[in-house]
Each structure stands twice: as C-alpha cells, then as structure tokens.
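FYI, it's all coordinate maths here, none of it is from the lab. Here the structure is a predicted model, which is why all the values come from computation and not from measurement. Neighbour counts are summed over all protein chains in view; Cβ atoms, including those assigned to glycine, are modelled from backbone coordinates with ideal geometry.
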Amino acid sequence: MPQIQALNLNLKDALPLNKEYQVHVYRGDLEHVSAPGNKWHKLKHHLQAAKVQGATHIGTFGGPFSNHLDAVAATLADQNEQAVLVVRGELQPDLTPTLQDAVKQGAELWPSTRQDYRLAMKGEVVKQITHRYPNIYWVPEGGGGALGAKGCSDWAKQIATNAVGYDAWTLAAGTGTTAAGFLASQSCQNLHVFSALKGAQQQASEIVEMAKMLNPACQNQPMVFHSDCHQGGYAKHSPELISFLHKFAQLNPDVTLDPVYTCKSLYAIYQAMLAGRWPHQKTLLIHTGGMQGWRGYADESNPFSNMSTDDKMSF
Ligand SMILES: Cc1ncc(COP(=O)(O)O)c(C=O)c1O
C-alpha cells in the first residue's frame, strides 16, 4: 500500500467541496507493527539512551488505554529490558485490552492514584520502582521530552523526502512532542497542529519553545495551533464527528482513523474546507496511528469496526 494516499472527502449528503482542495494522508499508522504512527519515532532515541545506560528496565507512564503503553510493551517484548508501566488510576479487576496485551508481552504493571500519577518522577510509585530496579531508564509520559521530539524531527525529515509539493502538513497533538519535532525539522511550509485536549491554548508556546531547543534556527517557521477541535474533550465524540467518520469510512475503505487524534484533526480540516476557510489547496494529513484506542469504545460506536479480522489483529 502506498505511504501517501489521496482522501475522498466529498461525503454523501454534504455540500461538494471546492475542487481545488486536495487532502492526502501519510500512512504513519502502517509503519512499525509494534509501535505504529508517532510511537516508534518518539521512543527510538529513548531506547538508545537506555542501552547506553545499560538499563535493565524501562519505566514509563500512561492511562489504561494508552497507545504509548501499548507500544512500549510491544516493542520491549523481545528485548532484554523489561517494561515497567505506571498506570494512571486503580487497576480494575478486568484489565483493559491494552493492559492485558501488555502483561502478555511481559510488562509489569504498577497502579498509581491520580494524585501520585500527576507527580510523575516525584511520585511515590516511581520512588518504589526505582528502589526495586536501580538501573531503570524512565521515559516521560507519552514518549515525550527532548529525545522524543528529536525522533519526531527525524521522522518529519524522512516524510519530506517523499512528500513534495504540499502547501501544508497537519498533525494532531497530545503532549505536543511530535509537533515540536516537526516544527524543529523545518520540513514543511506550513504546519497546522490540532490539539486533542480541551483547554490546551497554552500549548502552542510550549511546542515552539521545545522546537527552538532542538533547532534554534526554526524560530520563524510558521505553525498554526488549533485548540478548539477536541469535540467535547479528550477521547470524547460529538454526534457530528461520528456521522462524519461513518461517511468517511464508506468513501475511504482503505483508511482507518483512530478515535482520539487524527480523526478530530481531519474533521476540523473538513469543516474549515466546507466553510471555505481552509487556506491551503494541497494538504498532507499525518496519520499518527493509535488504532488500538478503539478498544476503549463499544463496537457499535466504531465506524471502522467492520474492517477485516486481519486488520483488527494488527492493532
Ligand atoms: C495516535 C496518537 N497520535 C497523536 C498523539 C499526539 O502526540 P504528542 O503527544 O507527541 O503530541 C498521540 C499521543 O502520543 C497518539 O497516541
């Protein structure tokens, strides 16, 4: 399957889009079986640093459906270092599918109260784990930090070798690490970043700061930050978004979108195009993966649930 594909956004029952608009998707979701999308790129320099340290364990943080925890557990399944996952909140007697997979892959789970979790490296759970495994390497939540952003900067440069002639690239943000790396790479003319979080207005300046740390020369690189496309909040769906995704899935049977990130950026772009407010003709949407996240939703609310069993197995 080609790495870059054209999307059909002329949805049934909707106004036809201006013919000038073209949206292509970079299928990051098809890269790396164990750590698709941005996951491998955020992890790679951390894993190298852990090797240099001679770490026996790799610790990190995430929620019970976290794409990041899923990727860390799967990536370390056949490595010498053991994954130690600090999970936000109480562990339910029935583990989520994400955590069940992590355990099958040999990861150790440590529940953390929300309060302790917020303290990150200063939390009690981290102290206990570090006491037990003194040679542990800690990866920040979501694979963040400067090393995570550096990996994403490498990724953007790699994408740019094939993605020629786009007016804009678009990307979803959680921690903003991926966006910082892309901005630092100076690989695209205009970068639009869509936050999946509610109330993330402040994040734009953090992304720019992180990008400048990686590459001081990137200060004048344009980034447009969108903080109003969360559809009610992180992991929430509006009925309009679900309706859009159902129609999208019918017209684009080869493309599946995740439930939290890329789906919301695409919907925001689509709405701006319908309103004639999208300023670019040729847009590249970066698919950052996260398909396993659908396991946190009922099958009937997943517009892509009729995909083949083989596809589901590759989550
Ligand atoms: C699938 C997916 N896309 C996008 C993001 C956002 O990436 P970042 O946290 O680097 O902003 C995440 C979070 O890591 C994610 O899991």
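With K and R counted +1 and D and E -1, the other residues having a Cβ less than 13 Å from that of GLU20 yield a net charge of +1.
The residue among THR56, GLY123, PRO134 whose Cα reaches farthest toward the positive pole of the charge dipole of the range 56-134, with charges on the beta-carbon of Lys, Arg, Asp and Glu, is GLY123. When you work out D = kT/(6 pi eta Rh) for the range 56-134 at 25 °C and 0.890 mPa s, using the Kirkwood radius from C-alpha pairs as Rh and the Stokes-Einstein form, the result is 198 µm²/s. Remark: the chain carries a charge dipole of roughly 600 debye about the Cα centre, counting +1 on each Lys and Arg Cβ and -1 on each Asp and Glu Cβ. Placing +1 on the Cβ of every Lys and Arg and -1 on the Cβ of every Asp and Glu, with nothing else charged, gives the range 56-134 a dipole about its Cα centre of roughly 340 debye.
Put the Cα centre of the range 252-284 next to the Cα centre of the range 125-199 and the gap is 20 Å. Based on the Kirkwood approach, the hydrodynamic radius assigned to the chain is 20.0 Å, with every pair of different Cα atoms included.
Ordering PRO239, ALA149, ALA298 by Cα displacement along the dipole of the chain toward the positive end leaves ALA149 in first place; charges were set at the Cβ atoms of Lys, Arg (+1) and Asp, Glu (-1). Loop-located trypsin sites (Lys or Arg not before Pro) in the range 120-205 (DSSP state not H, G, I, E or B) with no more than 15 neighbouring Cβ atoms inside 10 Å: LYS198.
Relative contact order for the chain: 22 percent, from Cα pairs under 8 Å spaced at least 6 residues apart, divided by residue count.
When the pairs LYS157/LYS282; LYS51/LYS150; LYS12/LYS236; LYS150/LYS236; LYS198/LYS264; LYS44/LYS157 are compared against a 21 Å limit on Cα-Cα distance, LYS12/LYS236; LYS150/LYS236 fall above it.
The GluC sites (Glu not before Pro) found in the range 13-114 that occupy coil by DSSP, while having at most 12 further C-beta atoms within 10 Å, are GLU20, GLU90. Among TRP169, TRP278, TRP40, the largest mean-square fluctuation in a Gaussian network model of the chain (Cα springs under 10 Å) belongs to TRP278.
Annotation: extensible slack from SER238 through MET1 equals 82.2 nm (criterion: 0.36 nm per residue apart, minus Cα-Cα distance). Sequence-distant contacts, meaning Cα pairs under 8 Å at least 6 residues apart, place the relative contact order of the range 56-134 at 31 percent.
Which residues in the range 241-257 have a backbone N closer than 14 Å to a point placed 7 Å from the Cα of GLN271 along the Cα-to-Cβ line? Those under the cut-off are 241-245.
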